[in-house]
């Protein structure tokens, strides 16, 4: 099922009047991370703020809906953003690493994995990652799964 088909099912089943949604896959290990969302383990994600600037893309905001895709661009579920805040990488807290639900849930694991991922992303736009880089922390709830 593609994103539009899943969105239409969600709207029909929930009589939702909202018409706007995004569709995207998690940056690394899309299938594994989507599965964590389906199982209720992953309720947060983080993005490099400079990527939004470089791609002239709007930041997520409370109330946004997103169709989560797997590595084959198939729709997996729909989430609704409940909280968005921006902090320097070094100030991301353990509470957020737990919401991301990855690895052992520790802040150390989160920092190691995200420093590597953000370093690659930043190099792709000609910038260098550092721990003062702003990070967009997003919290969400699972609102629909097939």
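The values are calculated or read from the model by the stated rules, or taken from the named source; none is laboratory data. Just so it is clear, the structure is predicted and the values come from calculations on it, not from any experiment. Methodologically, a virtual Cβ is constructed for each residue, glycine included, from the backbone with ideal geometry; neighbour enumeration extends over all protein chains shown.
Details
- Selection count where residues are surrounded by 15 or more Cβ atoms within 10 Å (Cβ to Cβ), in a loop (DSSP other than H, G, I, E, B) and either touching a strand residue (DSSP E or B) at 6+ places or on another chain (Cβ under 6 Å) or touching a residue at least 12 places away in the same chain (Cβ under 8 Å) (or both), scope segment 7-38: 4
- Enumeration of residues in segment 122-135 that are surrounded by fewer than 18 Cβ atoms within 10 Å (Cβ to Cβ) and touching a helix residue (DSSP H, G or I) at 6+ places or on another chain (Cβ under 8 Å): 125, 127, 128, 130, 131, 132, 134
- Residue match in segment 114-134 (condition: part of a strand (DSSP E or B), in contact (Cβ under 8 Å) with a residue 40 or more places away in the chain and in contact with a strand residue (DSSP E or B) (Cβ under 7 Å, 6 or more places away or on another chain)): yes
- Enumeration of residues in segment 103-116 that are surrounded by 13 or more Cβ atoms within 10 Å (Cβ to Cβ) and over 19 Å from residue 130 (Cβ atoms): 105, 106, 109
- Taking every residue in segment 85-101 that is on the phi > 0 side of the Ramachandran plot and pairing it with any residue that is in a helix (DSSP H, G or I) and at pLDDT 95 or above, at least 6 positions away or on another chain, the pairs with Cβ-Cβ distances below 9 Å are 101/33; 101/36; 101/37.
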